[in-house]
1. Are any residues in segment 516-532 without any contact (Cβ under 8 Å) to a residue 60 or more places away in the chain and open to solvent by less than 10 Å² (accessible area, probe 1.4 Å), and if so, which ones?
2. Applying the selection to segment 65-103, what residues are at pLDDT below 80, of a type in the set (A, V, I, L, M) and more than 21 Å from ARG32 (Cβ to Cβ)?
3. Please determine, by comparing only the residues of segment 143-173 that are among the aromatic types (Phe, Trp, Tyr) and touching a Phe, Trp or Tyr at 6+ places or on another chain (Cβ under 9 Å), which one is surrounded by the most Cβ atoms within 10 Å (Cβ to Cβ).
4. From the residues in segment 544-592 that are of a type in the set (D, E, K, R) and outside any helix (DSSP H, G or I), which one is modelled with the highest pLDDT?
5. Out of everything in segment 449-469 that is aliphatic (A, V, I, L, M) and surrounded by fewer than 16 Cβ atoms within 10 Å (Cβ to Cβ), what residue ends up being nearest to VAL496 (Cα to Cα)?
6. Taking the criterion of being at pLDDT 90 or above, surrounded by 18 or more Cβ atoms within 10 Å (Cβ to Cβ) and over 27 Å from ALA479 (Cβ atoms), would at least one residue in segment 390-402 satisfy it?
Amino acid sequence: MTEQTRSALHRDINASLGRTRLAIGAAMIVERGWPLVLPLVIVASLFVSLSWLGLFRLMPDMARLALTVAFGLAGLASLYPLRFFRLPSWAAIDSRLERANELLHTPVQAQTDRPSGKPDHFADALWREHQKRMAERLGTLGGDLPQTRVPERDPWALRAAAALLFVCAFAFSFGPMGGRLGDAFKAHATRDAVAPRIDAWVTPPTYTGKAPIFLAADASPDMPVISVPEGSELSLRVTGGSGEETLAFTDASGAARDIAPMGPAADPARPAATGPAATVRQFSDKLVAEGRMTLKSDGDELDSWGFTVIPDNPPTISFVGEPKRAVNGTLELNYNIEDDYGAASAKGEFALEEVQSPNARPLYGAPEMPLTLPRRGAAKKPVKATRDLTEHVWAGAPVKLTLHAVDDAGQEAESETKTFIMPERPFANPLARAVIEQRRLLALDANVKPRVLDLMDAITLRPEDTIDNLSHYLALMSARTRLKMAGSDDQLREVVSYLWQVALGIEDGNLSAAEKRLRQAQQALQDALERGASDEEIDKLMAELRSAMDSFLREFAQRAQQNQQSAQSQQGQELRQSDLQRMLDQIENLAKSGNRDQAKELLSQLQDMMNNLQAGRPQQGQQGQQNSQMRQQMDKLGEIMRRQQETMNETFRLDQMQRGQQPGDEQSDPFGDNRDPGQQDRSGQQGQDQQGQGRQGKSMTPQEFADALKQLQEGQGQLEKDLEALMKGLEGMGIKPGQGFGEAGESMNQAEGALGKGEGDRAVGHQGRALEALRKGAQDMMQQMQAMQGDQGGNGEGGRQQNADRDPLGRPRATTGPDFGNSVKVPDEIDVQRARQILDAIRKRLGNALSPELERSYLERLLELK
């Protein structure tokens, strides 16, 4: 290597050495300065992270200022270690460079060193040669990485948590709830407050059927108070505002009560897009007393509403008349239930009048009797409930009955207590009566089991003399064996039930089972209608009811054929099964068309008809003769009412002719009681002359007109005489003529006088009042007849009544005159078809996919009314 070449190499090495020194110096500055700057960086990152997370925005001003000052002090404290920072010297840099490259004999330092002592040309030349040789050994030098030794000072790596929090806060700051760096230095008062929005409404209890009441905002104190049902719930929501709103209720006495807010003060589900988040405060309270609700914010009143509470009075329940026995032995109750919004439930509570022995062990408790509730919103009228309690062991014993009602608010009411004898099933067979008596003894006190066994032994002692049917003897011996082997109360109850079946078999054979099945089917259908069962369940129950009724009628007809006297007494009364089937079809159609209230009324009428059918047994002796006389009097009354109707129609026709109008221009009946063709045929003979005059129209001469009025006057007078004869006949039977008959006689007399004066208009009015009075008198007469029959039937047949004006199905006979308006009004076939057409149209409209959502919701609610 020449001298020139060595000099050039030396220059290159010095340039490379300078760059390496700079890199080593920067690394040393970093490793000395980073540990000193790290505390300041951590404090700053925590402050920024909390700002981006929105913590300073949610904190009160005092807490926000305190935390900001704490961060400031921590930042100042983290600056203190920086005073210990020193820049590295060139010697330290060269020494770090030699260590990093593992150079021997300090070749880097030799490039800057100078020989000591006096200058010497030989020594200088020798030193330069040494530097050149050391420079040749340097070659390519490399730098070194900083070694901060931070892990030695932070072995738990807490600095990583600060870094992770910083990254998460940075991402969160771009969201709607993200904070800003200036939130720590901005007071709440300087922020833009969200204007409060107040939503308030009152929700009445569900059972009241009332809609929610929405309260107007900015209500002035002089606005009228709002009437709400007791127990209504006030709901209030404040969106925005300061978030410090309070709600207080002040009652009529001036006592104030604060209402605590519900849930958190802020609702993250409804944030604002920019600016501060809107807070939501919700309040809820029950309104049970009159007072004023006031909403305030920071002492300022925002809104107030005055309320007056409509009290929810407890229900009332009372008897209408006395509990009585129906014609088929069921217990029949008539009662009134009144409540502000309708009762929730009602029942009858029974108790024995005679106190049982303390040592007695009864097998059965009091019978249960749920009561039918009146339809909400319907007119107030007595409610009727029937229950077959003849199978209960208390049947035939004096009991106390108290009616109990409960409304939806939990308030209870009780009626007065009635004492009566619980209806029992009459048994004509002595053997059946004996079995029932033993059954009652065992059920009321299980301790008398030995005595019952002795009684059964006595009955079966000589079966060939006392028991005609061998199957009855075998049933009694089976019952005795079961009773002897019974050891628990459950087994004894099974014996009691078996004794009832034995008694029924002895008395009526299979008819009792068919009757029980019919009653169960009727009760099941009634329960389904009350709870709003589906159409499929209604179809199933109707099929069961038809089957049970067919079985009952078949058994009843077989027994009627076996009784010659009963068959003779039933002559002239036609019992057609098609009538019952038609009524069942009407019940099914009404239930499916949504008119279930009328379906229940028609089912109740069907039950009464079946009761009358069971009670339709022959009347003997004096009682049968008296019933025949009653029917004759009813026939006479019906004839009088028919003739009075025809006389009124003819008077009206003649009066219209006198006024110059054609009879065909007006209705033949001024009161809308049009006659059927059969009735017109019956009246043809009596009004033949008048009809002939009517055909002449305006061609009647004054003389003919006067003769027609004279005939009507004579006919009216004859009706008055016939009514007097009817009243005398009723008095002879022990029936007091009602006030309606007296009013009818006076109106007939006035009508006769008006006809004599030629005043047809006045005569028609008096005749109409006479006809109405006859109907009132007929109703009173029927009630007296039914009372007489009930008193006479109670001695022989256990209180069974047989209405003289109705056939065994409970329908008015054709010979009893017109209907007096006390029957159940049932829609005809046209109404049922119309209801079906409306339901089909609703379903068709609901199936249209293009119908608006509001319309579809309304139609669905209409169908839910079924």
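The values are calculated or read from the model by the stated rules, or taken from the named source; none is laboratory data. What you are looking at is a predicted structure, and each value in this text was computed from that prediction instead of being measured. All Cβ positions, even for glycine, are placed from backbone atoms using ideal geometry, and neighbour counts span all protein chains on display. Side chains included, ligands, DNA and RNA excluded: accessible areas come from the protein's heavy atoms. Shrake-Rupley method; radii C 1.70, N 1.55, O 1.52, S 1.80 Å.
1. Once the filter is applied, which keeps residues that are without any contact (Cβ under 8 Å) to a residue 60 or more places away in the chain and open to solvent by less than 10 Å² (accessible area, probe 1.4 Å), segment 516-532 yields ALA521, ALA528.
2. LEU103
3. Among those that are among the aromatic types (Phe, Trp, Tyr) and touching a Phe, Trp or Tyr at 6+ places or on another chain (Cβ under 9 Å), it is PHE166.
4. Among them, the one singled out is ARG576.
5. To start, the set of residues in segment 449-469 that are aliphatic (A, V, I, L, M) comprises 452-453, 455-456, 458-459, 461, 467.
Checking which are surrounded by fewer than 16 Cβ atoms within 10 Å (Cβ to Cβ) leaves us with 453, 458, 461.
Values: LEU453: 13, ALA458: 19, LEU461: 21 Å.
Out of the qualifying residues, it is LEU453.
6. Yes, there is a match, as at least one residue in segment 390-402 is at pLDDT 90 or above, surrounded by 18 or more Cβ atoms within 10 Å (Cβ to Cβ) and over 27 Å from ALA479 (Cβ atoms).
Residue-by-condition table, conditions (1) open to solvent by 20 Å² or more (accessible area, probe 1.4 Å); (2) touching a Ser or Thr at 6+ places or on another chain (Cβ under 6 Å); (3) in a strand (DSSP E or B):
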| position | (1), (2), (3) |
| --- | --- |
| VAL309 | yes, no, yes |
| TYR341 | yes, yes, no |
| GLU349 | yes, yes, yes |
| ALA360 | yes, no, no |
| MET369 | no, no, yes |
| ALA385 | no, yes, yes |
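Conditions tested, residue by residue: (1) of a type in the set (Ser, Thr, Tyr); (2) farther than 16 Å from GLN658 by Cβ; (3) modelled with pLDDT of 85 or more.
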| site | (1), (2), (3) |
| --- | --- |
| GLN711 | no, no, yes |
| LEU723 | no, yes, yes |
| MET727 | no, yes, yes |
| GLY734 | no, yes, no |
| GLU743 | no, yes, yes |
| GLY753 | no, yes, yes |
| ASP761 | no, no, no |
